[in-house]
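Colleague: One structure coming up, written as structure tokens, with questions to follow.
The values are calculated or read from the model by the stated rules, or taken from the named source; none is laboratory data. For clarity, every value in this text was computed on a predicted model and none was experimentally measured. As a convention, Cβ positions derive from the backbone with ideal geometry for all residues, glycine included, and neighbour counts pool all protein chains shown. Each accessible area value is taken on the protein alone, full model and side chains, heavy atoms only, with ligands, DNA and RNA left out. Shrake-Rupley method; radii C 1.70, N 1.55, O 1.52, S 1.80 Å.
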Amino acid sequence: MAQNKKIGLVLEGGAMRGMYTAGILDVFMEQGIEFDGVIGVSAGAICGCSFISGQAGRTIRYNKKYCTDKRMMSFYSLLTTGDLVGAEFCYHTVPEQLDPYDNEAFLRSKTPFYLVCTNLETGAPEYIRMNDMVKEIDYLRASASMPYVSHIVEKDGMKLLDGGCSDSIPVRAFMNMGFAKNVVILTRPADYRKKAEKRGLARIFYRKYPKFVKCLEKRPEAYNKTVEDIAGLETSGECFVIRPKKPLEIGRMSHDVKEIIRTYELGRSDAFDCLERMKIWMKEEV
């Protein structure tokens with residue numbers, strides 16, 4: 001680690017593009033790469049929690065096995081439960097029974113883990129430090145609850161949805177928490193920019209939450225500014241960025257096992273390609 005400088009790991013979301021992140025994190029675990037703190041958004045948070053518990057292979061394993069299960073992520077789930085991603089199956093059945101999450105390892109870990117949710121009433125991001133993945137699982141669910149296709153998650157007096165709505169890549173937030181240098185894993189290539197979205201839908205769906213509507217309408221502009229900011233931080237040596245060289249072909253809701261494996265393996269390949277450079281960067285002073 002760089003002397004007196006905490007190094008963070010920042011994980012972008014992206015639904016099934018998260019398989020790219022899962023591949024990278026598995027390589028990190030296998031190589032013994034550690035960080036002073038981790039923050040994830042949506043799918044990035046889901047991948048990140050298995051990184052904290054040291055469960056290499058878990059994310060790709062259960063996605064391969066259950067991606068075609070209609071209880072996991074499907075229009076069947078949306079129609080029958082109101083959530084595109086089945087809350088009971090994904091946040092209880094899988095981690096508690098089918099592919100158990102090692103919460104004891106999480107509790108033993110000395111690495112602080114944060115995730116991002118969006119507060120509907122304020123339209124602002126909530127940076128939540130997770131202390132117990134079982135007791136606080138609803139925060140993880142909220143971070144990955146995409147607007148329009150998910151129930152609002154109510155937790156500790158807050159109404160929450162996908163953290164990507166308000167802070168898709170929370171590198172500046174992590175820097176403000178004291179993580180001076182950050183490895184940033186993105187799921188879009190360097191030239192990607194988010195396009196403006198139609199405004200009518202947000203105003204219909206979330207008319208009771210005008211600040212959240214404004215947040216959704218500003219999301220493309222905010223995302224693109226963050227990407228430009230990260231480019232500057234990369235140049236200055238404050239960030240080490242790992243991203244796909246071209247757009248990932250996997251769909252947000254992919255049930256294609258072969259495509260899931262290809263995306264995961266691409267993440268692994270990119271991790272190995274930059275591993276030595278990253279190790280050197282982690283030892284350098286800014």
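Colleague: With the Cα gyration tensor of the range 151-236 giving a ≥ b ≥ c as the square roots of its eigenvalues, does the rule (a/c under 1.5 for rounded; else a/b larger than b/c for prolate; else oblate) give rounded, prolate or oblate? The partial results should precede the final answer.
Modeller: Working: a/c = 2.79, a/b = 1.51, b/c = 1.85.
The shape class here is oblate.
Colleague: What is the extension gain from ASP132 to ILE280, computed as 0.36 nm multiplied by their sequence separation minus the C-alpha to C-alpha distance, in nm to one decimal?
Modeller: Details: separation 148, 0.36 × 148 = 53.28 nm, distance 3.31 nm.
Result: 50.0 nm gained on full extension.
Colleague: Of the DSSP beta bridges with both residues in the chain, give the percent that are antiparallel, rounding to the nearest 5.
Modeller: Working: 13 of 30 bridges.
Taking every DSSP beta bridge within the chain, about 45 percent pair in antiparallel fashion.
Colleague: Relative contact order, percent, of the range 82-227 when contacts are C-alpha pairs under 8 Å separated by at least 6 residues? Before the final figure, lay out the partial values.
Modeller: Details: 180 pairs, mean separation 33.8, N = 146.
Computed value for the range 82-227: 23 percent relative contact order.
Colleague: Right, something else. In the range 217-260, what GluC sites (Glu not before Pro) fall in a loop by DSSP, with at most 15 other Cβ atoms inside 10 Å? Let's see the in-between values first.
Modeller: Numbers: sites: GLU217, GLU221, GLU228, GLU234, GLU238, GLU249, GLU259; in loops: GLU238, GLU249.
When the GluC sites (Glu not before Pro) of the range 217-260 are filtered for loop state and at most 15 Cβ neighbours within 10 Å, GLU249 remain.
Colleague: Starting from the amide H of LYS181, placed 1.01 Å from N in the peptide plane, find each other amide H under 5 Å away whose residue is 5 or more places distant or on another chain.
Modeller: LYS6, GLY8
Colleague: Just the number, please: carbon plus sulfur as a percent of the accessible area of the chain, 1.4 Å probe, no ligands or DNA/RNA counted.
Modeller: On the way: 6700 of 13250 Å².
Whole-percent figure for carbon plus sulfur exposure: 51.
Colleague: Any idea how far apart SER236 and ARG199 come out in nm if each label point goes 7 Å out from Cα toward Cβ?
Modeller: 3.3
Colleague: Can you check what the net charge comes to around SER77, using other residues whose Cβ is under 11 Å from the Cβ of SER77 (Lys, Arg +1; Asp, Glu -1)? Please report the intermediate quantities before stating the final value.
Modeller: Details: positive: LYS70, ARG71; negative: ASP69, ASP83, GLU88.
After counting each charged neighbour, the total is -1.
Colleague: Still on this structure, please answer the following. Using θ = phi - 60° and the Karplus curve 6.51 cos²θ - 1.76 cosθ + 1.60, what whole-Hz ³J(HN,Hα) does each residue of the range 162-175 get, with Gly and Pro shown as x?
Modeller: Karplus values, whole Hz, x for Gly and Pro: 2, x, x, 5, 10, 7, 5, 9, x, 5, 5, 4, 5, 4.
Colleague: Can you tell me the dipole magnitude for the chain around its Cα centre, using point charges on the Cβ only (Lys, Arg +1; Asp, Glu -1), in Debye to the nearest 20?
Modeller: Working: 42 positive and 38 negative charges, 173 e Å.
Dipole size: approximately 840 debye.
Colleague: Can I ask one more? Please state the charge dipole magnitude for the range 74-190, taken about the Cα centre, from unit charges on C-beta atoms (+1 on K and R, -1 on D and E), reported in debye and rounded to the nearest 20.
Modeller: For this selection, approximately 560 debye.
Colleague: In addition: By the gyration tensor of its Cα atoms, with a ≥ b ≥ c the square roots of the eigenvalues, what is the shape of the range 177-286: rounded for a/c under 1.5, prolate for a/b over b/c, or oblate? Please list the in-between numbers first.
Modeller: Working: a/c = 2.76, a/b = 1.39, b/c = 1.99.
Note, shape of the range 177-286 comes out oblate.
Colleague: How much net charge surrounds VAL134 when only other residues with a Cβ under 13 Å from its Cβ are counted (Lys, Arg +1; Asp, Glu -1)? Please list the in-between numbers first.
Modeller: Details: positive: LYS135, ARG141; negative: GLU96, ASP102, GLU104, ASP132, GLU136, ASP138.
My count for the surroundings of VAL134 gives -4.
Colleague: Now a separate question. Of LYS198/LYS245; LYS135/LYS155; LYS70/LYS135, which sit over 18 Å apart, Cα to Cα? Present the calculation step by step, with values, prior to reporting the outcome.
Modeller: Details: LYS198/LYS245 28 Å; LYS135/LYS155 11 Å; LYS70/LYS135 26 Å.
Pairs exceeding the cut-off: LYS198/LYS245; LYS70/LYS135.
Colleague: Suppose accessible area is computed on protein heavy atoms with a 1.4 Å probe; arrange THR21, THR80 from highest to lowest. Spell out each step's value before the answer.
Modeller: Working: THR21 0, THR80 85 Å².
Result, largest first: THR80, THR21.
Colleague: To continue, here is another question. Per the helix-only calculation at 222 nm, which mean residue ellipticity applies to the chain, given -39500 (n - 2.57) for every DSSP H run of n ≥ 4 and division by its residues, nearest 500 deg cm²/dmol?
Modeller: Details: 10 runs with 119 residues, N = 286.
Result for the chain, helices only: -13000 deg cm²/dmol.
Colleague: Let me ask you something else. Please give me the summed charge of the neighbours of GLY13: other residues whose Cβ is under 14 Å from its Cβ, Lys and Arg +1, Asp and Glu -1. Mind dumping the intermediate values first?
Modeller: Numbers: positive: ARG17, ARG141, ARG188, LYS194, ARG219, ARG243, ARG252; negative: GLU12, ASP162, ASP167.
Summing Lys/Arg as +1 and Asp/Glu as -1 gives +4.
Colleague: Post the alpha-carbon centroid distance, the range 37-114 to the range 115-181, in whole angstrom.
Modeller: 15
Colleague: In sequence order, what are the phi-derived ³J(HN,Hα) couplings for the range 257-273 according to the Karplus relation 6.51 cos²θ - 1.76 cosθ + 1.60 with θ = phi - 60°, rounded to whole Hz, with x for glycine and proline?
Modeller: 3J(HN,Hα) across the range 257-273, in whole Hz: 4, 4, 5, 4, 5, 4, 5, 4, 5, 5, x, 4, 4, 5, 5, 5, 4.
Colleague: Applying the Karplus parametrisation 6.51 cos²θ - 1.76 cosθ + 1.60 with θ = phi - 60° to the phi angles of the range 9-21, what ³J(HN,Hα) value in whole Hz is obtained for each residue in order, glycine and proline being reported as x?
Modeller: Calculated HN-Hα couplings, in order: 10, 10, 10, 5, x, x, 6, 6, 5, x, 5, 5, 4 Hz.
Colleague: For the chain, evaluate the Debye formula with one uniform point scatterer on each Cα (no solvent term) and list log10 I(q)/I(0) at q = 0.12 Å⁻¹, rounded to two decimals.
Modeller: Here log10 of I(q) over I(0) equals -0.71.
Colleague: Skipping prolines and chain starts, which residues have an amide H placed within reach, meaning under 5 Å, of the one on LYS155, given they are 5 or more residues away or on another chain?
Modeller: LEU160
Colleague: Just to confirm, what accessible area per residue do you get for the range 146-280 at 1.4 Å probe, in whole Å²?
Modeller: Details: 7150 Å² over 135 residues.
In whole numbers, the range 146-280 has 53 Å² accessible per residue.
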